[in-house]
Amino acid sequence: MIRTVAARLATLVVLVWVVSLAVFALVLLIPGDPTTTLLGDNATPEQVTALRTSLGLDDPLLMRYWRWLSGALQGDLGTSMLSSYPVTQAIGDRIGVTVSLVVSALVLSVVLGLVIGVLAAVRQGGWFDRLTLLGSSIGIAMPNFWLGLVLVTFFGAELGLFPTSGYARPGDGVGDWVAHLMLPVVTLAAGGVAEIARQARASLVDTLRLDFVRTAAAKGLSPLSIVGKHALRTAMIPVITVMGLQVSRLFGMSVLVEAVFALPGIGSLMVASVFDRDIPMIQGTVLLATVVVVVVNLLVDLSYGWLNPKAALT
Amino acid sequence: MTLLDVEGVAKSFPARRRKAVVRAVRDVSFRLDRGQTLGVVGESGSGKSTTARLVLGLIRPDAGRVHLDGMDVLAARGDRLHALRRRMPMVFQDPYSSLDPTWTVRDIVTEPVRLGRRRDRAVPATRAAELLELVGMAPAFAQRYPHELSGGQRQRVAIARALACDPDLVALDEAVAALDVSTRAGIIGLLQDLQTSLGVAYLFISHDLALVRLVSHEVAVMYLGRIVERGPTERVYAAPAHPYTRALISAVPVPDPVVQRNRTRPPVLGEVPSALAVPSGCAFHPRCPLATDICRTIDPPVVDLDDGHAAACHHVALITKEGVS
Amino acid sequence: MTTVTTRPESAFAAFRRRFVRQRLAVVMAGVIAVMVLVALLAPWITPLDPNAQALLDRLAPPSTKHWLGADDLGRDVASRLIIATRATIWAGLLATCVSLLIGLPFGLLAGYLRGWADTVLSRAADALMAIPPLLFAMAIVAVLGRGVTNAMIAIGVVTAPRFFRVARGVALVIREETYIEAARSIGCPTGRIVRTHVLPNMMSPLIVQISVTMGFAILFEASLSFLGLGVQPPDASWGSMLQRSTRFAGDAPWLVLLPGLAILLTVLAFNTVGDAVRDSVGRENRRLA
Amino acid sequence: MNAVLEINDLVVEVATAHGPMVVVSNVSLAVGAGETLGLVGESGSGKSLTTLAVLRLLGTSARIASGEILLRGPDGVLDLVTLPERRMRDVRGGRIGMVFQEPMTALDPAYSVGEQVAETVRRHLGLGRTDAWKRAVELLDRVGIPSADRRAHDHPHHFSGGMRQRVVIAMALSCDPVVLLADEPTTALDVTVQEQILTLLGELRDESGLALLFISHDLGVIADISDRVAVMYAGQVVETAPVHELFAAPRHPYTRALLRCVPSPGSDRLATIPGTVPTFDALPLGCRFAPRCEHAAAVCEGAPIGLDTVAATHFARCVRIEEVVS
């Protein structure tokens, strides 16, 4: 087990390193001179030189990468090109919002998705199954920001049930916090529920056809125990892969949800940074989000060993 | 006249877990004459399929020599190797995956003809019909796709493809194992007829001892990557010289209740060990009723008995004197 | 001699027979055909000029003049929806092409040849897939500059690892098929094996993936345009129409509903057709799709 | 006869796009205590479906259309066709055990083999965890798993095919069944292992007086283990006889042809059967073997052929037995 964890950690380090390369390489893609982007066309040559020195743009590429990477390892992702505000601090101020949003949506997607998927699979071909297939197709194809807008229009604006924008810290009242997150979480979770339900259904339907399920039935076990004890455990393996992908997807999609509901998370920070072409801020946000995703995926990977003892061997 | 000459061929594969090595084939030597059939028998993990692939130049061995009609197969590269392979094509076990599902039967059976030419010139339309007729199929099948054929028909197409190479040798890797009894009989009959009319040699790989006995002139018995016994078929079956061969032959149930129930059968111990951990000395010793200390330490050399019958066992003398029970 | 009993059916005919049996997929294939047609003919079939502002018609509800109402600048919603089909289909095609051109060759290389090339490429693909796709695309747009072409290049780059994975996975399965070994055993050179055996057998999974990527790209185009990073004003896109509508949702709900339904329908169409293609592939290559 | 398991006129249908298709036609079989009935036939003959029908494990696409499956016990006779599902579950793994063809996939990869045997014991014998585990270890030891107390904790992927098949047998026998269904239990195994498994099954049958229904396509295996043999072709039983009689004096042309298709010492050619097995959507009206039969005549076509009594315990579905034998 320790060896497995060590091996997985090593892969994780390589993975994050490759991501850091890709994120750093973004700077190289900027057409023209970054200083022009920042200072505009009317800057004096002196201003340009000063900025180039302060950003270290004249140093060799490898040195710049090393400086950025070693900084990042120590928690220093540089400073904003516009406000000279530290990137780490800017992200730290806002990450709480995004994490509460993503985690709540993930939990909701997993719980609802699994329940729906399993119920559909055990009655394969029934009305609930067909409804699930149709519903999940729609859920996957639906732009979630549109769902957000529709929810705002009908639940928020028309019925006045929930606040439609802004955020309340849990410290200022849990009820308020929950109310503010309600619509965003539902919006964000819709696609996840659809994906997980669909995968859980497909995987369980496939598993129920396997020989060992027939063996379990030939032992005289009840349907509940056949599905719950035997089939589900094997069927969960591909579902868990999808859950891992969902973390990455939800992080991305939260940008849209934050935009719809005016939530001050890292998504809105990202949007603002993209408009300002604030490269250090963008690099920091992408890198940090990826690290979170990769760590969650590691946990997912490790749970494979428990579900499928054969995988733990290799 | 020797067609195929194989000398000391060996191959190991790296295992999935590091450091371990699968010793698939160890020191395999045999000869096969033109127009003859060599049957290779063995249980799973005996290395019989790997041996065929090594001989045909599909996998590169770690050691050894292979000559087809005097030409060094292992030294050949590029076009020369491809041309050599066409002189000894292979027919595979699974009739459902050995034919490309996107191709018609016509294209499948004439592919070797096209490959053998300098340019992709059109193959005469009659060629496909000739080949199909050779394997007992109507010319109309040429327009069919593999998924429209039964298992037996697919295997006939695979044989037709092999014949299109104008081969000296056809390797048959469990070619009838996936077929039903009655279909199998038809394919075996076809193979026998083709050998008579075309003089093609067969490398007949099978786990079915009764079938090997029926079709082979010579037989080689493999166990954990080695040939433990080889010789003329009837001699090996009538007087097996290796304890493994004896165990194997007696384990095959005879389709006659009177015979089957009155046979004395030496018990076979345990199962075939993993090729990851081939036992020291004679690989068969943990399961052998005759094993002594020497078997545990020294791998027995192949000893010639008479008339091309040879076996790799320290106790050959003991067994042959005692005769078959 | 065995004889032929029924008429031959090509693999494609069998595929068509199974596909046509799936009613919803046939309808959705029709939807895609209509979308493409509308995109091609858009400039000639819009009832009004999609960019013409008429302040008197500001937020006008559906009427005989504006079938589907007008937006906050009095522009005809129906015309804008129609013209936006162009951006949508074009964006999907562009992104899918970029994705295909990067993903397919590398995937084929990694899957068929294995070895160190596979290890390096797979690691790189894993890493790129770990980056949240929308964030990655936004970052690329940030450096390349806003606009639909850059946005679609970004989406193509972001989805390329998925294409790579599919191509690699399929190539891995095909290289283990006995018909590949059979081709080797009759002396077929590697290049010819890849060309005549591997690629044709990859077609159906590739079509599935192209279809899914189209849907994905259209969804992403809408998302980026909604954030103001894709199609730039005054050009219309379903995503950018939604962005403007946010402020008037209460007064003019049709501004919110219609573009969203258009996106939903289009993405649903591509996904459904992709799934149906996969389900229609015969037993003989079901494993691949 | 005092059969423990008796199948009468069993009809199994498979749902297709063009409506139900009969794949097992009026099959009748009987097995007594301590007896082995060998069921032999080629793929698609309906032998596996017949066995699965006994436990009502046909899945969603196939169903029993008619017939009865009687299980005799000390408490009377149960008809498994009409038995409520809840009571059927007590029969599965309790009164009737089953061994499948593929030992590599028949076990759940997620649980240790000991747990999988003990689970059945807990389910049917109502033992507690500790006692059930003890019994599981005893059973694994009985079927020949070396150091069973230690290996019971291992997961299936640590075992070879032969060992897994032993585990499946232990599971099937864990609750002292009266009937054991074995569907090609040695087909996936090497011959030396096959011999060990056949010996084991024979011993277990003799020890506990099991009724054994043994399915195989391998005539050698059938000759080895069966007391009586039933031959199936295209969904029908075409001949049934005591094993010695069937091999020495087969009556049905299909049985005769089948026996000539396997190699025997001394021969250098195999006989062949022309043509192919008919598909279930295009079965001949009369004798289903007639299109391939060298003895076929006008009387064979037109109307279904019944089982004809050859001797007290020997039946064949052929109207031209005299001509065939001569």
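The values are calculated or read from the model by the stated rules, or taken from the named source; none is laboratory data. These numbers were taken from a predicted model, which means no experiment stands behind them. Glycine also receives a Cβ, built like all others from the backbone with ideal geometry; neighbour counts cover every protein chain displayed. Side chains are part of the model used for accessible areas, which takes the heavy atoms of the whole protein and leaves out ligands, DNA and RNA. Shrake-Rupley method; radii C 1.70, N 1.55, O 1.52, S 1.80 Å.
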Exercise. Sort out which residues of the stretch D:121-142 are in contact (Cβ under 8 Å) with a residue 12 or more places away in the chain, farther than 21 Å from D:Leu201 by Cβ and more than 14 Å from chain A (Cβ to nearest Cβ), and write them in order of number.
Key: D:Trp133
Exercise. Only one of these is in contact with a His (Cβ under 8 Å, 6 or more places away or on another chain) and of a type outside the set (Val, Ile, Thr): B:Pro89, B:Pro124, B:Pro101, B:Pro95. Name it.
Key: B:Pro101
Self-check item: Cβ pairs under 7 Å, 6+ apart, first in the stretch A:1-17 and of a type in the set (D, E, K, R), second surrounded by 11 or more Cβ atoms within 10 Å (Cβ to Cβ)
Solution: A:Arg8/A:Leu298; A:Arg8/A:Asp301; A:Arg8/A:Leu302
Quiz prompt | Among (1) within 21 Å of the chain's Cα centre (by Cα); (2) of a type outside the set (Gly, Ala, Ser); (3) within 30 Å of B:Val268 (Cα to Cα); (4) part of a helix (DSSP H, G or I) - the single one D:Met88 does not satisfy | solution = (3)
Quiz item: Residue check: is C:Trp67 part of a helix (DSSP H, G or I) and either open to solvent by less than 40 Å² (accessible area, probe 1.4 Å) or at negative phi (or both)?
Solution: no
Exercise. Inspect the stretch A:162-170 for any residue being surrounded by fewer than 15 Cβ atoms within 10 Å (Cβ to Cβ), in contact (Cβ under 8 Å) with a residue 24 or more places away in the chain and among the hydroxyl-bearing types (Ser, Thr, Tyr) and give the result as yes or no.
Key: yes
Quiz item: Can B:Ser250 be described as modelled with pLDDT under 90 and either assigned to a helix (DSSP H, G or I) or open to solvent by less than 20 Å² (accessible area, probe 1.4 Å) (or both)?
Solution: yes
Practice problem: Please enumerate the residues belonging to the stretch B:253-279 that are at pLDDT 90 or above and under 24 Å from B:Pro301 (Cβ atoms). | Solution: B:Pro279
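Listed here are the residues, each with its yes/no results for (1) closer than 29 Å to C:Ala137 by Cα; (2) assigned to a loop (DSSP other than H, G, I, E, B); (3) at pLDDT below 90.
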position: C:Val26; (1), (2), (3): no, no, no
position: C:Val36; (1), (2), (3): yes, no, no
position: C:Leu56; (1), (2), (3): no, no, yes
position: C:Cys97; (1), (2), (3): yes, no, no
position: C:Gly107; (1), (2), (3): yes, no, no
position: C:Arg123; (1), (2), (3): yes, no, yes
Quiz prompt | Residue list for the stretch D:143-160, filter: within 14 Å of chain A (Cβ to nearest Cβ), surrounded by fewer than 19 Cβ atoms within 10 Å (Cβ to Cβ) and in a helix (DSSP H, G or I) | solution = D:His157, D:His158
Self-check item: Residue list for the stretch D:174-206, filter: open to solvent by less than 20 Å² (accessible area, probe 1.4 Å) and aliphatic (A, V, I, L, M)
Solution: D:Val179, D:Leu180, D:Leu181, D:Ala182, D:Val193, D:Ile197, D:Leu198, D:Leu200, D:Leu201, D:Leu204
Quiz prompt | Whichever residue in the stretch D:207-260 is away from chain B (no Cβ under 14 Å) and open to solvent by 10 Å² or more (accessible area, probe 1.4 Å) and, among such residues, is farthest from B:Arg265 (Cα to Cα) | solution = D:Gln236
Quiz item: Based on what the data block shows, is B:Pro286 in a loop (DSSP other than H, G, I, E, B) and at pLDDT 90 or above?
Solution: no
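Answer with yes or no whether C:Gly169 is open to solvent by 20 Å² or more (accessible area, probe 1.4 Å), at pLDDT 90 or above, in contact with a helix residue (DSSP H, G or I) (Cβ under 8 Å, 6 or more places away or on another chain) and within 28 Å of C:Leu121 (Cα to Cα). Spell out the reasoning first.
Working: open to solvent by 20 Å² or more (accessible area, probe 1.4 Å): yes; at pLDDT 90 or above: yes; in contact with a helix residue (DSSP H, G or I) (Cβ under 8 Å, 6 or more places away or on another chain): yes; within 28 Å of C:Leu121 (Cα to Cα): yes.
Yes: the conditions hold for C:Gly169.
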Exercise. Report yes if some residue within the stretch B:86-107 is open to solvent by less than 10 Å² (accessible area, probe 1.4 Å), polar (S, T, N, Q), more than 9 Å from chain C (Cβ to nearest Cβ) and within 24 Å of C:Arg175 (Cβ to Cβ); otherwise report no.
Key: no
Practice problem: Find all pairs meeting these conditions: Cβ atoms under 9 angstrom apart; at least six residues apart or on different chains; first residue within the stretch D:86-114 and more than 24 Å from D:Ala148 (Cβ to Cβ) and more than 8 Å from chain A (Cβ to nearest Cβ); second residue at pLDDT below 90 and not in a loop (DSSP other than H, G, I, E, B). | Solution: D:Arg95/D:Gly73
Quiz item: What pairs come up if the first residue lies in the stretch B:266-287 and is more than 10 Å from every other protein chain (Cβ to nearest Cβ), the second is aliphatic (A, V, I, L, M) and part of a loop (DSSP other than H, G, I, E, B), and their beta carbons are under 6 Å apart, counting only those six or more places apart or on different chains?
Solution: B:Leu276/B:Ala15; B:Leu276/B:Ala20; B:Val278/B:Leu224; B:Gly281/B:Ile298; B:Ala283/B:Leu224; B:His285/B:Ala291
Quiz item: Could you list, in sequence order, the residues of the stretch C:71-116 that are among the aliphatic types (A, V, I, L, M), open to solvent by 70 Å² or more (accessible area, probe 1.4 Å) and either touching a Gly at 6+ places or on another chain (Cβ under 9 Å) or without any contact (Cβ under 8 Å) to a residue 40 or more places away in the chain (or both)?
Solution: C:Leu101, C:Leu109, C:Leu113
Practice problem: Give the stretch C:70-95 a look and list any residue that's in contact with a strand residue (DSSP E or B) (Cβ under 7 Å, 6 or more places away or on another chain), under 14 Å from C:Ser245 (Cβ atoms) and not in a helix (DSSP H, G or I), or say none. | Solution: C:Ala70
Self-check item: Candidate set from the stretch A:199-225 (those that are surrounded by fewer than 24 Cβ atoms within 10 Å (Cβ to Cβ), of a type in the set (D, E, K, R) and in a helix (DSSP H, G or I)); member that is nearest to the other protein chains (Cβ to nearest Cβ)
Solution: A:Asp211
Quiz item: Right, B:Val268: open to solvent by less than 70 Å² (accessible area, probe 1.4 Å), in contact with a helix residue (DSSP H, G or I) (Cβ under 6 Å, 6 or more places away or on another chain) and in a loop (DSSP other than H, G, I, E, B) or not?
Solution: yes
Quiz item: Among B:Ala162, B:Ala128, B:Ala177, B:Ala140, which is assigned to a helix (DSSP H, G or I) and surrounded by fewer than 24 Cβ atoms within 10 Å (Cβ to Cβ)?
Solution: B:Ala140
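Of the residues C:Thr178, C:Thr149, which single one is within 12 Å of chain B (Cβ to nearest Cβ), surrounded by fewer than 24 Cβ atoms within 10 Å (Cβ to Cβ) and of a type in the set (Val, Ile, Thr)?
One residue alone meets the criteria, C:Thr178.
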